[in-house]
Amino acid sequence: MHPAPSVIVFTTLSGLGFGLLFWLGLGVIAPTGWAAFAFFVIGYILAVGGLMASTFHLGHPERALKAFTQWRTSWLSREGCAAVAALTIMAIYGAGLVFFDQRWAPLGWLGAALCLGVTFTTSMIYAQMKTVPRWRTWLTPALLLAISLAGGALLAGQVALTLVLLPIAALIQIAWWMRGDGALARSGTTLATATGLGQIGDPRAFEPPHTGTNYLLREFVHVVGRRHSRKLRAIAFGMGYVLPVLLLGLPGGHITAALAVAAHIIGIAASRWLFFAEAEHVVGLYYGKRSA
């Protein structure tokens, strides 16, 4: 079993899209006319495309609008509210640049903050989950924010910023992997603690709870071989971080920049696949799919 493609697409594309919109709103680049139109179209295609892909991951996509009603308690609902607010504000800000050659700076700053808010709320959906020790760390929001900012700077054509932010994101990625590899074991969660039978011995499952697959197994239990994981990490790190930096140092202008963007997207998609495939949800202990 593998992570749902819709989640991989969502977290990869939306992070890039909102990262690009962040730099536009902040005013690091302030194009006008058709140039501004092109930047905003790219940002919106990535951001909205990623959000639309996420709805296919829901058990009932037709009920997606109900997610907005639980903003007091749900990070998923907060993400949706932040996304709508960010896209609305940035649309007004973008209209000023495209149609009136005007940069309404306060509106752009608000939109930039909301774009960061979208990425942060997305990260907190995962970081707040006690059932996935690998995700439950401040490094999760730090990683998603760093990748969004670095990828957005790359799409915005800001080479100097990218050459600073990508290495930072790469270091956080390494730290996230190193910390995550022992997270389940450090959590102390075992079949014994889950069943409360540890005081009478070391319990083990007699047979699987179900004879077939179910939602929990499809969504939360993925087993990745150590060798396969190492290969994918090398691809993610090399394509997502190292190769873009090397390409940006070469002559070639738009061609090398386009190759850097393509390499980055492929690498981050691989990183996102591993993010979910290596999640080690504790429910896997109950189904006998892993051991702490």
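Count of the range 104-128 residues, restricted to those that are open to solvent by 40 Å² or more (accessible area, probe 1.4 Å) and under 17 Å from the mean Cα position of the chain (by Cα), is 4.
Note on the range 184-202: residues that are assigned to a loop (DSSP other than H, G, I, E, B), modelled with pLDDT of 75 or more and either in contact with a helix residue (DSSP H, G or I) (Cβ under 9 Å, 6 or more places away or on another chain) or surrounded by 15 or more Cβ atoms within 10 Å (Cβ to Cβ) (or both) amount to 3. With the condition kept exactly as written, say whether any residue in the range 69-86 is in a helix (DSSP H, G or I), among the charged types (D, E, K, R) and modelled with pLDDT under 95. Yes, some residue in the range 69-86 is in a helix (DSSP H, G or I), among the charged types (D, E, K, R) and modelled with pLDDT under 95. For residue 279, the criteria (1) at pLDDT below 90; (2) under 23 Å from residue 14 (Cα atoms); (3) assigned to a helix (DSSP H, G or I) hold in every case but one, which is (3).
The values are calculated or read from the model by the stated rules, or taken from the named source; none is laboratory data. Note that the coordinates shown come from a computational prediction; the quantities given were computed from them, not determined experimentally. Cβ: placed from backbone, ideal geometry, glycine included. Neighbour counts: every protein chain shown. The area values use the complete protein model at the heavy-atom level, side chains included, leaving out ligands, DNA and RNA. Shrake-Rupley method; radii C 1.70, N 1.55, O 1.52, S 1.80 Å.
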